[in-house]
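Report on the structure given below.
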Amino acid sequence: MVNFYTPQKKKYIPQKLTVTVSSLDAFGQGVANHKGKTIFVKSALPDETVDIELTENKKNYAKAKVIRYHNQSKERVKPQCEYYEKCGGCELQHMAPHLQQQAKFDSLIKLLQKETGQPLANILQHSAQIIADQPYHYRRRARLSINIVRGELVIGFRQAESNQITNIKHCPVLVVELDSLLVPLQDVLNRIKQKKALGHIELISVDSGIIIVLRHTIPLTDHDVKLLKTFAEDNNISLYFHGKDLVHIAGSTEHFYLLNHLKLTFSPLDFIQVNCKINQKMIAQTLDWLALKPTDQVLDLFCGMGNFSLPMATLCKTVTGVEGIDALVEKAKFNTILNNNEICAETNFLTSNLDDNQQFSIWSQSRFNKVLLDPARAGALNATIEIVKLAPSKIVYISCNPATLARDSKQLIEAGYQINKVAILDMFPQTKHIESMLLLTKSGT
């Protein structure tokens, strides 16, 4: 047998450096420069000099973690969560809230200017806004993961860059009603017999009360059903099991939140904004930017169950809401009837896939002078093309993804619109997620 020589692979030795952080990137990481290479440093803030260890070293950039701080920024604060260094839910608790907000705003402006080519200096000086509220206890909806560790059921969020679950007893970003439920909920779940049947837990707290949706992969035993039903009844909770179908187990089946003088109902699996106070401020800002009049005809794309449509319908002539999910359209129609005494506009809700331009004729044949759109992360590229044909005087675009917002805005600008106002919505404090809104107006109007 011939033996071939195989050289041993060189053992990777993590490189250690000392750098001074100059700025923050779009995700709240510190940015430093070393010999012409950009280094992204997790948990480091501007003006901090730190010893770092590279965790990833590419040709044009590197990533690193901090080993030691030589000095700490005055903007550094103590995280309120005891699981901060493990849980992957919140990445920015070491930053003062105003720095989080400013970093998100700066990254949005930088991206918009780069992608659209439109200078925004005048907007920054006169009409830039950061819409914020309380930095903790804001989240009224959360999905918790479940894991079994040595026979013990734990609930929590996934660790950063891992599938491991951080077992949590308290979560300071949850509203108090949900935060206080974590310990008793974990206790009762540990008493059921079929722990391995459980998937995840959806927690919701709205004006109508608390909702729990328990995902399971196989049917639960009568013992487990009775135990969980009793727990729900004792704690005034609406409980649902979600296997192949959503099944109501205990509590009320009417779920709603209040918005000004409106009552908006929804189903437990429907999307609602997680931050109640920012949702209210976002709607108020939308109404202000659109400056609705009794003669206005408004198009609301991705309308859901009427979160924006109904408040607008209290001020204008007509509102047409378009949504791709038929169940949400039916819910919007129901909410309109429910709030009939507050609504003055003629309303019309339609089901249409807003990614499929073959379906656009369902809604694009009418006349609209103002448009609101609030798409998912994928944005609204095809719908934006159709909006241009409608030639509305004002467009408010609400986005949870700066990349697709910039892409779609570029298309609108090329069609003769200009960005008139920009706002950051601090919908998700302590996290890197960016929610924003733009007002675009037709040049010459």
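The values are calculated or read from the model by the stated rules, or taken from the named source; none is laboratory data. Keep in mind that this is a model prediction, so the values were computed, not measured. FYI the Cβ positions are ideal-geometry reconstructions off the backbone, even for glycines, and counts take in every protein chain you see. Each accessible area value is taken on the protein alone, full model and side chains, heavy atoms only, with ligands, DNA and RNA left out. Shrake-Rupley method; radii C 1.70, N 1.55, O 1.52, S 1.80 Å.
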Can you tell me which residue among A291, A313 is open to solvent by less than 40 Å² (accessible area, probe 1.4 Å), among the small types (G, A, S) and under 23 Å from Y397 (Cα atoms)?
A313
Tally up the residues in segment 73-100 that are acidic (D, E) and in contact with a Gly (Cβ under 8 Å, 6 or more places away or on another chain), please.
1
Against the conditions (1) open to solvent by less than 10 Å² (accessible area, probe 1.4 Å); (2) under 20 Å from T320 (Cα atoms), where does N382 fall short? Just the number, please.
(1)
Go through (1) within 27 Å of L262 (Cβ to Cβ); (2) in a loop (DSSP other than H, G, I, E, B); (3) open to solvent by less than 20 Å² (accessible area, probe 1.4 Å) and name the single condition C171 misses.
(1)
Give the residues of segment 163-200 that are within 16 Å of H137 (Cβ to Cβ) and in contact with a His (Cβ under 8 Å, 6 or more places away or on another chain), sorted by residue number.
P172, V173, L174, V175, V176, D179, L182
Examine segment 254-273 for a residue that is open to solvent by less than 50 Å² (accessible area, probe 1.4 Å), within 23 Å of G199 (Cα to Cα), in contact with an Asp or Glu (Cβ under 9 Å, 6 or more places away or on another chain) and in a strand (DSSP E or B), and state whether such a residue exists.
no
Selection from segment 132-155 of residues surrounded by 15 or more Cβ atoms within 10 Å (Cβ to Cβ) and on the phi > 0 side of the Ramachandran plot yields H137
Residues satisfying the stated conditions in segment 107-143, i.e. in a strand (DSSP E or B) and more than 15 Å from L425 (Cα to Cα):
R141, A142, R143
Looking for whichever is in a loop (DSSP other than H, G, I, E, B), of a type in the set (A, V, I, L, M), in contact (Cβ under 8 Å) with a residue 12 or more places away in the chain and buried (at least 20 other Cβ atoms within 10 Å of the Cβ) here; the options are L185, L220. Which one fits?
L220
For a quick check of your reading of the model, give me the residue pairs whose first member lies in segment 416-445 and is modelled with pLDDT of 95 or more, whose second is among the acidic types (D, E), with beta-carbon atoms closer than 6 Å and at least 6 apart or on different chains.
L425/E435; M427/E435
Out of all the residues in segment 232-245, which are open to solvent by 30 Å² or more (accessible area, probe 1.4 Å) and closer than 18 Å to L198 by Cα?
H242, K244, D245
Any chance L54 is more than 24 Å from I424 (Cα to Cα) and among the aliphatic types (A, V, I, L, M):
yes
From the list K74, K59, K114, exactly one residue is open to solvent by 20 Å² or more (accessible area, probe 1.4 Å), of a type in the set (D, E, K, R) and under 24 Å from the mean Cα position of the chain (by Cα). Which is it?
K114
Take the residues in segment 35-45 that are over 26 Å from the mean Cα position of the chain (by Cα) and surrounded by fewer than 19 Cβ atoms within 10 Å (Cβ to Cβ), then tell me which one is farthest from Y61 (Cα to Cα).
K35
Condition test on K104, is it open to solvent by less than 90 Å² (accessible area, probe 1.4 Å), among the charged types (D, E, K, R) and not in a loop (DSSP other than H, G, I, E, B)?
yes
If we scan segment 74-87, do we find a residue that is of a type outside the set (G, A, S), touching an Asp or Glu at 6+ places or on another chain (Cβ under 6 Å) and either over 21 Å from I434 (Cα atoms) or in contact (Cβ under 8 Å) with a residue 40 or more places away in the chain (or both)?
no
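Conditions tested, residue by residue: (1) in contact with an Asp or Glu (Cβ under 6 Å, 6 or more places away or on another chain); (2) buried (at least 17 other Cβ atoms within 10 Å of the Cβ).
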{"site": "I343", "(1), (2)": "no, yes"}
{"site": "Q358", "(1), (2)": "no, no"}
{"site": "A403", "(1), (2)": "no, no"}
{"site": "A406", "(1), (2)": "yes, yes"}
Kindly evaluate V50 against the criterion of being in contact with a Phe, Trp or Tyr (Cβ under 6 Å, 6 or more places away or on another chain), outside any loop (DSSP other than H, G, I, E, B) and open to solvent by less than 60 Å² (accessible area, probe 1.4 Å).
yes
